[in-house]
Amino acid sequence: LCGAGSAVAAQELADVLGRTVTAVHFVIAGRDDVSPTLLNLSDVKVGQPLRQEDVRATLGHLDSLGRYEDIVPVATLAGEGVDVTFRLTPRHPITSLDVRGDTGLPAGSLKSLVQKRYGGVPATARLSAVADTATQLLRDEGYLQARVTPATVVSGDAESATLVLTVEAGPQAHIGQTEVRGTSPLTTAEILRRTGTEAGLPFKRRDVEAAITALEDDLRGRGFYEAQVTLLPPVAGETVNLVINVYTGPRIDLKVVPEDAMPHGDIDTLVPIKRLGAADQDLL
């Protein structure tokens, strides 16, 4: 019928949908499960036509249990009807994390970053989600072509498992050149130095974005309340060329005339142009 989260050709689905369901089975790790618990979660019922919405609802019910890493429904023709089997891969408790392969970063550092993101060993997260997290962490460090494949290695007593991330980091991207557009009181050389985007340096997106935020804050602290600094997404490759847009807007001085016209209080709170990064007439 369809794998969980997978697309199936329309004609294949049409061949079995509408046929009368003759049996519903559940197979866990290759063994039949005949307990009524799973059967009660199935919207696919014997004697009723097979409907796509019933299959999807059943997948949702089974997934909500949090016990299975993968759920694959399979349909087999049985005369004029159809037998439906849900093949379930049990989720073993993850008790440890192992990072292997061409990790780019030291394996221990990547492992620590992943665990920090999940607050420890990712015991309940989906394998694909953990792999996506590791991939993004590597791309933030300049490994723009990184690929991470997750797998579980079950312990001998089958009571726990190790999540293994096999990494192909690929080359770390370096900055070819950086173009600074717009005008500001800062020189191009200072912007490149403060954002870490000088030619030849490793391209670490997360560090660059943090530096850009700090640069915006500095400009707004100087009275350029509408300052915006943005990094255009570079094309992935071993060498990346960057474009940084800097827009400061006018430098604004806030004055109240006469000075005693405002009630007692912090003027930045009463007229929050600095906090909101705007000084348009409606706000004033």
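The values are calculated or read from the model by the stated rules, or taken from the named source; none is laboratory data. This is a predicted model, so every value here is computed, not measured. Cβ coordinates were reconstructed from backbone atoms using ideal geometry, including for glycine residues, and neighbour counts include every protein chain displayed. These area figures cover heavy atoms from the full protein model, side chains too; ligands, DNA and RNA do not enter into them. Shrake-Rupley method; radii C 1.70, N 1.55, O 1.52, S 1.80 Å.
Brief remarks on what is shown
- Cut-off 12 Å, label 7 Å out along Cα→Cβ of E168, residues of region 115-146 by amide N: 145-146
- Share antiparallel - DSSP beta bridges, region 54-206, percent rounded to 5: 70 percent
- Taking a straight line from the alpha carbon of K116, these lysines sit under 20 Å away, with near neighbours fewer than eight places off in the same chain left out: K204.
- In region 64-105, Rg over Rh equals 1.29, where Rg is the alpha-carbon radius of gyration and Rh the Kirkwood radius from pairwise Cα distances.
- For region 195-238, convex hull of alpha carbons as volume per residue, Å³: 71 Å³
- Heavy-atom accessible surface of the chain: percent carbon and sulfur, 1.4 Å: 50 percent
- Net length available on complete extension from R275 to L77 is 64.7 nm, with 0.36 nm assigned per residue and the Cα-Cα distance removed.
- Backbone N under 18 Å from the R31 label point (7 Å along Cα→Cβ), restricted to region 66-81: 67-70
- Two-site label geometry, K45 and E190: point separation in nm, points 7 Å out along Cα→Cβ: 7.4 nm
- If both residues of a DSSP beta bridge must be in region 175-282, then about 35% of such bridges are antiparallel.
- Over the chain, dividing the summed -39,500 (n - 2.57) contributions of all DSSP H runs of at least 4 residues by the number of residues returns a 222 nm mean residue ellipticity of -8500 deg cm²/dmol.
- FRET efficiency, S128 to V257 (Cβ-Cβ, R0 45 Å, nearest 0.05): 0.15
- When all protein chains stay in place and ligands, DNA and RNA are ignored, the 1.4 Å accessible-area order of I267, I252, I244, largest first, is I267, I252, I244.
- T239 versus R206: modelled label distance in nm, points set 7 Å from Cα along the beta carbon direction: 2.8 nm
- Correct option for Rg/Rh (Cα atoms, Kirkwood Rh) [calculated from the coordinates] among [x] 0.96; [y] 1.18; [z] 1.05: [y]
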